[in-house]
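**Q** One structure coming up, written as structure tokens, with questions to follow.
The values are calculated or read from the model by the stated rules, or taken from the named source; none is laboratory data. Keep in mind that this is a model prediction, so the values were computed, not measured. With ideal geometry, Cβ positions are generated from the backbone for all residues, glycine too; neighbour counts draw on all protein chains shown. We work out accessible area using only protein heavy atoms, side chains counted, and drop any ligands, DNA or RNA first. Shrake-Rupley method; radii C 1.70, N 1.55, O 1.52, S 1.80 Å.
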Amino acid sequence: MRFLKAIPLFLFPAAGFFLFGCGSENKNYLNLNDSVHYVGINTCRQCHMDIYRTFIKTGMGQSFGLASRAKSAALFEPNTVVHDSFLNFSYHPYWEKDSFKIAEFRLAGKDTVYKRIEKVDYIIGSGQHTNSHMFSVNGYLHQIPITYYTQKGTWDLPPGFENGTNTRFSRKIGLECMSCHNALPGFVEGSENKFDFVPEGINCERCHGPGSAHVALKQKGVLVDTSREIDYSIVNPAKLSIDLQFDVCQRCHLQGNAVLKEGKSFFDFRPGMHLNEVMTVFLPKYKGADEEFIMASHADRLKRSECFIKSAAKKGSKTSLKPYRESLTCVTCHNPHVSVKFTDKSVFNSACINCHGNKVKTTCTEKPETRNASQDNCVGCHMPKSGSTDIPHVRITDHYIRKPVAAGEKEKIKKFIGLIAINEKNPASKTKAIAYINQFEKFDMRNTYLLDSARHYLLDTSPGDILENFPQLVQLAFFRQDFRQILNYVSLLGSQKLLATYHKKSFSNDDAWTLYRVGESYLKSGNAEQAFAFFKRAEELAPFSPDFQNKTGAALMALNRVKEAEHQFRQILSEDPEFSPAYCNLGYIHFLSGNLKLAESEYNRALALDPDYEQAVENKAGLYLAQNDKKKAKQVLTDFLKFHPDNKQIRLLLTRL
């Protein structure tokens, strides 16, 4: 499925709104059908201008946009510098006319020994909490390693880049990220982070579903009195059952470890569906950590509240046009069409009074003077603001409604319990295994006990078991660098059978990744011929992944098919000219052919993008040694060790010189 600018409208009959083949209970909704397309916010505004005017000012409406002075909430000072003390990089944000740029640099004393400048193309975040930044190279999106935190008015490293984990300009912005922080984009299948269309801000259809059927019917004059019945041409979340309405919000406000159902992508959820038809979302649970939560955990926190639990237990009317009025849901307190910045706190407190009534004043145990000082602000006491565990420098409202927690309760020792599926009661064993693997790969690669937990759910006692769980078993062994185990699995099943079995293209490139990991295992074992076969098939499934293409080139080099390898690396750079490994590999090809000047030029290009690229440093030192210039070789290695004194490999090479 692709989401492009040109959206055709489909005409449907005015009656008989029933669909077939849809897994959701709300089969009456026309826009759950795959043939119904997204029309974009500008089409919606033609009939709903009043809602558009307020929605566009909300956090969702302001979630994403082109980098401009108007979009940025940041303060820019000439001396603003963010320093990464772990990797010794510094960052300076600035405007050059109408272009927003980030300078990354490194100092040795007072001398600038490295500098790289990237233009910011997109700003992500409404500015209520943060502005983060992205750049695009031929449609390949990456995050820029600097964020503005608006509540504190400070620049710092982005979440996940702190404490030595700064990936600089290499963090890929994939479909999972973009599909929550923005309207649905045009994502290039066979890539990890290439887009051919990027919208600007979450739009109406993320909550109401695709609108082409709705528009077509209204253009034909088919109208519905929505005060008396449901307009099934488009989803109105207020008229969904409680759980389905929650799923609309949980699609993005239940951020966690999302495991997609087989054959599904992050494009596939539509309002009116159960979220677990598309994905199961897991969160790590810790004993003694009730006070800790991540930024987008609103739904999970709210569902823990007694207020929600008791209201959800009520038997509401099945014929109600607005079921949410009989239970506590997100829209009990939030009007999604109006920004919280323009919503008075009395609106939220009124929601408490509407349920608890006047007895609040007689049952509240807070001191009268404290209540008077806060003007009986229920929310301020029972839903306090605090920091999230995943994003620094922000304070957000905790949606776990409860009595204030005593100070001593906050000092419990935290103990990991396990991953808990939030939106599905009994997920399959394989789903649990994938969740633990994802938790390790995406969030916590230091804790191998997550891999042990995943292994618990995966059988490999027979060829049938191995085939059933092959991608996950391979991934586990790959993370443990147990390449021999991967090849044992392959020998039991047969390499040709595996090449024939894993042949599907997808937005997540699952089959391509499995083949890639097998190819890497063969390459590590010295079997370049088989490695090439698996890398080549992975590349065919994901032709816009430079990593896969680069490995195909490496296998070609191992097979001494140098001209083909050179063509491969140049092809990568024509697609993504900031992919540094391709420059390093081209440099090595030139070195082998005796063209040392060109080799040095390619190594320098790689190091201009990444001065800590160890392979390029080693190759450049080797090039100088080949020219009998031991002084320059030593200098290259010494310069590297100034910033990485604990690197054993480079220190060993220097010692040998």
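**Q** For the range 175-223, count all C-alpha to C-alpha pairs, find those more than 14 Å apart, and express that count as a whole percent of the total.
**A** Details: 706 of 1176 pairs.
Here the long-distance tail beyond 14 Å is 60 percent of all Cα pairs in the range 175-223.
**Q** Quick one: helix 510-525 against the long Cα principal axis of the chain, what's the angle to the nearest 10°, folded into 0 to 90?
**A** Compared with the principal axis, the helix lies near 30 degrees.
**Q** How large, in Å, is the range 506-575 by the Kirkwood hydrodynamic radius built from its alpha-carbon pairs? The partial results should precede the final answer.
**A** Values: mean 1/r = 0.0857 Å⁻¹.
The Cα-based Kirkwood calculation yields 11.7 Å.
**Q** Based on the Cβ-Cβ distance from K497 to K264, what FRET efficiency comes out when R0 is 30 Å, to the nearest 0.05? Intermediate values should be presented prior to the final figure.
**A** Working: r = 25 Å, r/R0 = 0.85.
For R0 = 30 Å, the calculated efficiency reads 0.75.
**Q** What is the packing order of peptides 210-223, 442-455, taking the mean over residues of other C-beta atoms within 10 Å and listing the highest first? Please list the in-between numbers first.
**A** Details: 210-223: 18.7, 442-455: 15.3.
In decreasing order of mean packing, 210-223, 442-455 become 210-223, 442-455.
**Q** Ranked from highest to lowest mean number of other Cβ atoms within 10 Å per residue, what is the order of the peptides 99-112, 574-587? Don't skip to the end; give the middle numbers.
**A** On the way: 99-112: 14.3, 574-587: 21.5.
Most protected by this proxy first, the peptides run 574-587, 99-112.
**Q** Using only C-alpha atoms and all pairs of different ones, pull out the Kirkwood radius for the range 506-657 in Å with one decimal. Provide the component values of the computation, followed by the final result.
**A** Values: mean 1/r = 0.0614 Å⁻¹.
Result for the range 506-657, one decimal place: 16.3 Å.
**Q** How much of M60 can a 1.4 Å solvent probe reach, expressed as accessible area in Å² and rounded to 10?
**A** 50
**Q** Still on this model: With a 1.4 Å probe and all protein chains left in place, how much of the accessible area of the chain comes from carbon and sulfur atoms, in whole percent? If you can, show how the numbers build up before the last one.
**A** On the way: 17030 of 32930 Å².
The nonpolar share, carbon plus sulfur, comes to 52 percent.
**Q** What nm value, rounded to one decimal, do you get for the distance between C47 and N88 when each label is placed 7 Å out toward the C-beta?
**A** 6.3
**Q** Let me ask something additional. Considering every pair of different Cα atoms, what Kirkwood radius, in Å, is found for the range 46-110?
**A** Numbers: mean 1/r = 0.0670 Å⁻¹.
Averaging 1/r across every pair of different Cα atoms and inverting gives 14.9 Å.
**Q** If you rank D84, D344 by how much accessible surface each has, with a 1.4 Å probe, what is the order from largest down? Intermediate results must be reported in sequence, preceding the final value.
**A** Values: D84 0, D344 95 Å².
Ranked list, largest accessible area first: D344, D84.
**Q** Points 7 angstrom from Cα along the Cβ direction at K172 and E306: gap in nanometres?
**A** Once both label points are built, they end up 4.8 nm from each other.
**Q** Tell me, what HN-Hα J-couplings in whole Hz come from the Karplus equation 6.51 cos²θ - 1.76 cosθ + 1.60 at θ = phi - 60° for each residue of the range 258-264, using x for Gly and Pro?
**A** 8, 10, 6, 5, 4, x, 9
**Q** Mind checking the full-extension length gain between A70 and T154? Use 0.36 nm per residue of separation minus the Cα-Cα distance, one decimal, nm.
**A** On the way: separation 84, 0.36 × 84 = 30.24 nm, distance 1.81 nm.
Computed gain between A70 and T154 is 28.4 nm.
**Q** P(r) for the range 133-190: what percent of alpha-carbon pairs falls in each 10 Å bin, starting at zero?
**A** All Cα pairs, binned at 10 Å, distribute as 20, 47, 28, 5 percent.
**Q** Mind giving me the nanometre distance, one decimal, between the label points for Q627 and S374, set 7 Å out from Cα along Cα→Cβ?
**A** The two pseudo-label positions are separated by 7.0 nm.
**Q** Output the 0 to 90 degree angle, nearest 10, between the alpha-carbon long axis of helix 528-541 and the longest principal axis computed from the alpha carbons of the chain.
**A** It is inclined by approximately 30 degrees.
**Q** Here's a follow-up. Which cross-chain or sequence-distant (5 or more) residues have an amide H under 5 Å from the amide H of V188, H modelled 1.01 Å from N in plane?
**A** Sorted by chain and number, the residues that satisfy this are K194, F195, D196.
**Q** Calculate the tail of P(r) for the chain: the fraction of all Cα-Cα distances greater than 36 Å, expressed in %.
**A** Details: 103535 of 215496 pairs.
Above the 36 Å cut-off, the chain has 48 percent of its Cα pairs.
**Q** Now for a different question. What accessible area per residue comes out for the chain, rounded to a whole number of Å², with a 1.4 Å probe?
**A** On the way: 32930 Å² over 657 residues.
Per residue, the chain has 50 Å² of solvent-accessible surface.
**Q** With the contact rule set at Cα under 8 Å and sequence spacing of 6 or more, what percent relative contact order holds for the range 517-569? Let's see the in-between values first.
**A** Values: 57 pairs, mean separation 15.1, N = 53.
This gives 29 percent for the range 517-569.
**Q** Need one number: convex hull volume per residue for the range 571-645, Cα atoms only, in Å³. Walk me through the intermediate numbers first.
**A** Details: hull volume 5.4 nm³, N = 75.
Enclosed volume per residue, from the Cα hull, is 72 Å³.
**Q** Where does each of 384-395, 562-573 land if you order them by average Cβ count within 10 Å, highest first?
**A** Working: 384-395: 15.6, 562-573: 17.5.
With the highest mean Cβ count within 10 Å placed first, the list reads 562-573, 384-395.
**Q** Mind checking the dipole of the chain: about its Cα centre, +1 per Lys or Arg Cβ, -1 per Asp or Glu Cβ, Debye to the nearest 20? Before the final figure, lay out each step's value.
**A** On the way: 84 positive and 70 negative charges, 213 e Å.
About 1020 debye.
**Q** Could you work out, for the range 200-260, what percent of all Cα-Cα pairs fall into each 10 Å distance bin, beginning at 0 Å and stopping at the bin that holds the largest distance?
**A** 19, 43, 29, 9, 1
**Q** Return one quarter of the surface area of the convex hull spanned by the alpha-carbon atoms of the range 224-295, equal to its mean projected area, in nm². Mind dumping the intermediate values first?
**A** Details: hull surface 26.6 nm².
Taking a quarter of the hull surface, the average projection is 6.7 nm².
**Q** May I pose another question? Assuming R0 = 35 Å, what is the FRET efficiency of A608 and E540, from their Cβ-Cβ distance, to the nearest 0.05? Could the numbers behind the result be given before it?
**A** Working: r = 31 Å, r/R0 = 0.90.
It comes to 0.65.
**Q** Here's a follow-up. Over the chain, calculate the relative contact order: mean separation of alpha carbon pairs under 8 Å at least 6 apart, over the residue count, as a percent. Don't skip to the answer; put the middle values down first.
**A** Details: 1078 pairs, mean separation 71.6, N = 657.
Once normalised by length, the contact order is 11 percent.
**Q** If you project the alpha carbons of the range 367-407 onto the principal axes, what extent comes out on each, in Å, largest first?
**A** 36, 18, 17
**Q** Something else about it: For F105 and R561, calculate 0.36 nm times their separation in residues minus their Cα-Cα distance, and state this gained length in nm to one decimal. Provide the component values of the computation, followed by the final result.
**A** On the way: separation 456, 0.36 × 456 = 164.16 nm, distance 3.81 nm.
Fully extending the segment from F105 to R561 adds 160.3 nm.
**Q** I'd like the distance between the alpha-carbon centres of the range 611-629 and the range 66-92, rounded to an integer number of Å.
**A** Comparing the Cα centres of the range 611-629 and the range 66-92, I get a distance of 33 Å.
**Q** Any idea what the relative contact order of the range 234-278 is, in percent, if you count C-alpha pairs under 8 Å spaced at least 6 apart?
**A** On the way: 38 pairs, mean separation 21.1, N = 45.
Reported relative contact order: 47 percent.
**Q** Taking the 0 to 90 degree range and rounding to the nearest ten, how far is the long axis of helix 546-558 tilted relative to the main principal axis of the chain, both from C-alpha atoms?
**A** 20
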